[in-house]
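Notes for the one structure printed next.
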Amino acid sequence: MAASSVASPLCTWLVAACMSVTCDGDCSTRPSMLSSSKRRPKCAARRRLPSKCSSFSADFQKGLNSAFSGSSIQGLMSSCLAFEPCDEYYSSKGLSSLGSNGLSLLFGSKTGTASRRQRRFHGAAHSGEAMAVAVQPTEERTKQKKPTTRQRRVVVTGMSVVSPLGHDSDVFYNNLLEGVSGISEIEAFDCTQFPTRIGGEIKSFSTDGWVAPKFSRRMDKFMLYMLTAGKKALADGGITEDVMEQIDKAKCGVLIGSAMGGMKVFNDAIEALRVSYKKMNPFCVPFATTNMGSAMLAMDLGWMGPNYSISTACATATSDIMLCGGSDSVMIPIGLGGFVACRALSQRNSDPTKASRPWDINRDGFVMGEGAGVLLLEELEHAKKRGATIYAEFLGGSFTCDAYHMTEPHPDGAGVILCIEKALAQSGVSREDVNYINAHATSTPAGDLKEYNALIHCFGQNPELRVNSTKSMIGHLLGAAGAVEAVAAVQAIRTGWIHPNINLENPDEGVDTKLLVGPKKERLDVKVALSNSFGFGGHNSSVLFAPYK
């Protein structure tokens, strides 16, 4: 929950990477509509409308001028949507300055039937603003097909993890099903002076065969985890060298981010600076930034599509393949100390495997972990064409902000509820269809209950609902949490088994254990799986997966 974590990027980027609407035309000319009305785009001068459209052209310009003179872009849209183009528009493709896709958005479908969005803008015209006179189409107008948006189905064709419970997605999930805990005493450094000395630490990890030795020596662990998991996800998805030669790399992107970035690289640079700037690692700045892991993976693969560590829906809409996920490694003194200072961590040092206990009345904070998770997401037809194995279908998702507090969740869970409801609406999924939830539940006193109450509000009437928390066994992997838990959700769909909630010995007051998975794995035919991720700043993300049919 927001009270106990930093934001997990996976869910936000997953939504961005899988936006279902793709541009059918060139969108690059749209910004011209927002420039000064006195400046005509160069492309507009290349074609003149036929004489019969002169009145339409004049009225259109008048509408633009009136819209820009107002205080809202809504006036512009109202003016534009008042028109129905004449015959010559369809033969000449109309105003080239807007582009074919821009005009299809303005004028709607070829039948002239207003869409819901058009009707909304029609009714939103500001009183007192000059409106262009609508030009009625002639009855003999030749009906010509115009570009339309199409729904793109997105599927999961590969996945990989680097985690305290293993670096193979099947090994990882089998350990979860058996209720194995990956929480132990921290061995990476001497933490005897800290009140918290436990974590979901990765004890053994090798990049052999996945990352070039020269980079392995220089890169921060979060980057090494990311590159390894990313390449393993490709291998799991059957993207061999032969396949790689056939795919369009301009339509392949990477959206794998990190909440904390290269903290060790940056910390080492600070220590070196105490001696002299000449002792600093020349790679300390680029290797410390959160986006560099994604960038390095793309360089290695030669993938030239969207590459970001933040949401960028418009740029990613036309991709065929995306690697999406998150990676973090802050198992260093400054990382542990920072969360200790926040008073967010469990101090159950004497019994590490019992420390992470979501919804249990004796929980005392979350357990910091490290790792990475990557999903290979692919446009359905592209996946079918290459004969890929499809693990599950990504249905959609959403993200919101509590706009309440830096670390505390909203008291009534308003942001979480809004996020879930928007995810359901965007995906076209009914509440009754969701029967499995991999909750964010970090084992903090406030966060667990706020999320639980939000889930009850949204799904409380569903008797088939089952809820668990992967963090009970691996702790909170920070920026990698959402990615690794999304892998767990997909594995639940694949296997028909959901993992237990360990350490739930004495449920908090008001928690109905009938909804929560018990101490043993359970068989479940997952209809739709919901995965939640929340973070500091009140950031909320929810994504939905389902069996591919």
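The values are calculated or read from the model by the stated rules, or taken from the named source; none is laboratory data. What you see is a predicted model, and the numbers here were worked out from it, not measured in a lab. With ideal geometry, Cβ positions are generated from the backbone for all residues, glycine too; neighbour counts draw on all protein chains shown. Side chains are part of the model used for accessible areas, which takes the heavy atoms of the whole protein and leaves out ligands, DNA and RNA. Shrake-Rupley method; radii C 1.70, N 1.55, O 1.52, S 1.80 Å.
In summary, the aspartates and glutamates within cross-link reach of Lys214, defined as a Cα separation below 15 angstrom excluding same-chain residues under 8 places away, comprise Asp300. Ranked by the mean number of other Cβ atoms within 10 Å of their residues, highest first, the peptides 381-387, 364-370 come out as 364-370, 381-387. Other residues whose C-beta falls under 12 angstrom from the C-beta of His457 contribute a net charge of -1, scoring Lys and Arg +1 and Asp and Glu -1.
The antiparallel fraction among DSSP beta bridges confined to segment 154-547 stands at about 70%.
For the residue pairs Lys251/Lys385; Lys354/Lys527; Lys471/Lys521, alpha carbon separations beyond 21 Å are given by Lys354/Lys527. Taking packing as the residue-averaged number of other Cβ atoms within 10 angstrom, the listed peptides 448-460, 502-514 run from highest to lowest as 448-460, 502-514.
Taking a ≥ b ≥ c as the square roots of the Cα gyration tensor eigenvalues, segment 404-474 comes out oblate, since a/c reaches at least 1.5 and a/b does not exceed b/c. For Trp497, the residues 5 or more places off, or on other chains, whose built amide H falls under 5 Å of its own are Leu524.
Per residue, segment 262-390 exposes an accessible area of 43 Å² to a 1.4 Å probe, with every protein chain left in place. If r is the Cβ-Cβ distance from His457 to Asp168 and R0 is 51 Å, what FRET efficiency results, to the nearest 0.05? Calculated transfer efficiency: 0.85.
Computed packing ranks the peptides 489-499, 418-428, 216-226 as 216-226, 489-499, 418-428, most packed first, by mean other Cβ atoms within 10 Å.
The reciprocal of the average 1/r between distinct C-alpha atoms defines the Kirkwood hydrodynamic radius, which for segment 154-547 equals 21.1 Å. Other residues within the sphere of radius under 9 Å centred on the Cβ of Glu393, judged by their own Cβ, net out at +2 (K and R +1, D and E -1). With a Förster radius of 30 Å applied to the C-beta separation of His405 and Asp364, the computed FRET efficiency comes to 0.90. Run the accessible area of segment 154-547 with a 1.4 Å probe and give the carbon-and-sulfur part as a rounded percent. Its accessible area is 52 percent carbon and sulfur atoms.
Phi-derived couplings, Karplus 6.51 cos²θ - 1.76 cosθ + 1.60 at θ = phi - 60°, listed residue by residue for segment 248-254: 7, 5, 6, 10, 10, x, 10 Hz, with x used for Gly and Pro.
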